[in-house]
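The block underneath contains the structure these notes are about, expressed in C-alpha cells.
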Amino acid sequence: RRPIGKAGPLAGKRILITAGPTHEPIDPVRYIANRSSGRQGFAIAEAAAAMGADVQLISGPVHLPTPPGMTRIDVETAREMAAAVDATLPADIAILVAAVADWRTADAAEQKIKKTGGALPVLQLAENPDILAGLARDARRPALLVGFAAETENVIEHAQAKLARKGCDWIVANDVSGDVMGGSENAVHIVTADGVESWSNLPKDQVARKLMEKIADVIR
Ligand code: CTP
Ligand code: CA
C-alpha cells in the first residue's frame, strides 16, 4: 500500500510508531502516569513521514499536534495501546518509543475514592502486557523492530540485556539521569547485535532524523 504522492527513501514502507506515556486509571478522576512528553516519538514520526513513509502513530495522552502526513490513533492505557498496535499490523518497521506504564491498578474503582478519615487506600497493581516483547514473538513481526529504553544508570548494559530479553533488533537507549524527559535534548546509544553507536546531546528532532536515516540505510 503505497500512499499516492509520497516520495523519499522510505516511500512505500509502513511504519508503526508508539509514543507518549500511558495513563492507568485509579478511579474516574485519578491515574498512574509518567513524565514522557511524547516529543521524541512524535519527532521520529515526523522524520519518517518526511522521508516518505506511511506512518501509523499510536499515541498515549500528550499535548502535541499531529505532524503532517500520517495517521494518528490516540489511546490512554497500555492495554488500549497493545490493542491499537495489534489492529495496525502488519508493518514493515515498528519503533516503540512509548513509555508504557509497567503496572495498572488491578481494579480501577468505578466511583471516586473518598477520604474516610480511617484506613488509607491501598493500590493493588497488575502488570501490563509488554507490547514490544509481544510484537517480537508475533507471526506478523515487522522486519525491523526497534525499542527504546530510558535508563538512569548502567545505560548500555541495561540496554543490551533488554535487547536480548525482548527479542527486538535495536534498542535506542536514553540516558535519563539528567533532565531528558520533557526536555528537548537527548543523549542516546543505538544498541544492536553488532555493537553500540553513541550520539551525544542532540536535540530530539536530530536524534529522530539520524535514527530514520540509519533505518533507511538498513531497510533498502
Ligand atoms: N514496552 C512495551 N510494553 C511495556 C513496557 C515497555 O512495549 N509494557 C517497550 C517500550 O515502548 C520500549 C521498551 O519496551 O520500547 C523498553 O521499555 P522499558 O520500560 O525500558 O523496559 P521494561 O522491560 O519495562 O524494563 P524496566 O523495568 O527498565 O522499566
Ligand atoms: Ca518499563
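Report the Rg/Rh value for segment 6-115, based on alpha-carbon coordinates and the Kirkwood definition of Rh. Kindly include the intermediate steps, with their values, before the conclusion.
On the way: Rg = 15.5 Å, Rh = 14.6 Å.
So for segment 6-115, dividing Rg by the Kirkwood Rh gives 1.06.
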Segment 51-89-segment 96-135 distance, computed between alpha-carbon centres (Å): 22
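Mind checking the full-extension length gain between residue 87 and residue 109? Use 0.36 nm per residue of separation minus the Cα-Cα distance, one decimal, nm.
Extra length available between residue 87 and residue 109 comes to 5.1 nm.
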Out of 112, 166, 13, a Gaussian network model of the chain with alpha-carbon springs under 10 Å gives the largest mean-square fluctuation to 112
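I need the calculated FRET efficiency for the pair residue 164 and residue 27, taking r as the beta carbon distance and R₀ as 25 Å, to the nearest 0.05. Intermediate values should be presented prior to the final figure.
Working: r = 38 Å, r/R0 = 1.53.
In this case the efficiency is close to 0.05.
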Please list, in order along segment 24-41, the HN-Hα scalar couplings obtained from phi with the Karplus expression 6.51 cos²θ - 1.76 cosθ + 1.60 (θ = phi - 60°), rounded to whole Hz, x for Gly and Pro. 10, x, 9, 8, x, 10, 10, 8, 8, 9, 9, 7, 4, 8, x, 5, 5, x
Binned Cα-Cα distance frequencies in segment 105-194 - 10 Å width, integer %: 14, 30, 25, 19, 9, 1
In a Gaussian network model of the chain with springs linking alpha carbons closer than 10 Å, the residue among 84, 139, 108 that fluctuates most is 139
Choice from 89, 163, 120 with maximal GNM fluctuation in the chain (Cα, 10 Å cutoff): 120
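How big is D for segment 36-95, in µm² s⁻¹ as a whole number, if Stokes-Einstein is applied with the Kirkwood radius of its Cα pairs at 25 °C and 0.890 mPa s? Walk me through the intermediate numbers first.
Details: Rh = 11.9 Å.
The diffusion coefficient I find is 207 µm²/s.
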What residues qualify as long-range amide H neighbours of residue 37, i.e. H under 5 Å apart, gap of 5 or more or another chain, H built at 1.01 Å from N? 182
Would you mind checking the tilt of helix 155-166 against the longest principal axis of the Cα atoms of the chain, expressed as 0 to 90 degrees and rounded to 10? 90
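Looking at the P(r) of the chain, how many percent of alpha-carbon pairs lie beyond 30 Å? Mind dumping the intermediate values first?
On the way: 5459 of 24090 pairs.
Tail fraction, whole percent: 23.
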3J(HN,Hα) from dihedral phi, segment 142-152, Karplus parametrisation 6.51/-1.76/1.60, rounded to Hz, x for glycine, proline: x, 4, 10, 10, 10, x, 10, 9, 8, 10, 9
Solvent-accessible area per residue, Å², over the chain with all protein chains present [probe radius 1.4 Å]: 52
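Accessible area of segment 47-95 with a 1.4 Å probe: how many percent of it is carbon plus sulfur? Mind showing how you got there, number by number?
Values: 1040 of 1940 Å².
Heavy-atom surface of segment 47-95 belonging to carbon and sulfur, 1.4 Å probe: 54 percent.
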Angle between the Cα long axis of helix 204-219 and the longest principal axis of the chain, 0 to 90 degrees, nearest 10? 50
Proximal aspartates and glutamates relative to residue 114, as straight alpha-carbon distance under 16 Å, when same-chain residues fewer than 8 apart are discounted: 27
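The values are calculated or read from the model by the stated rules, or taken from the named source; none is laboratory data. Predicted model only: the values in this text are computed from it and were never measured. All Cβ positions, even for glycine, are placed from backbone atoms using ideal geometry, and neighbour counts span all protein chains on display. Note: areas computed on protein heavy atoms with side chains; ligands, DNA, RNA excluded. Shrake-Rupley method; radii C 1.70, N 1.55, O 1.52, S 1.80 Å.
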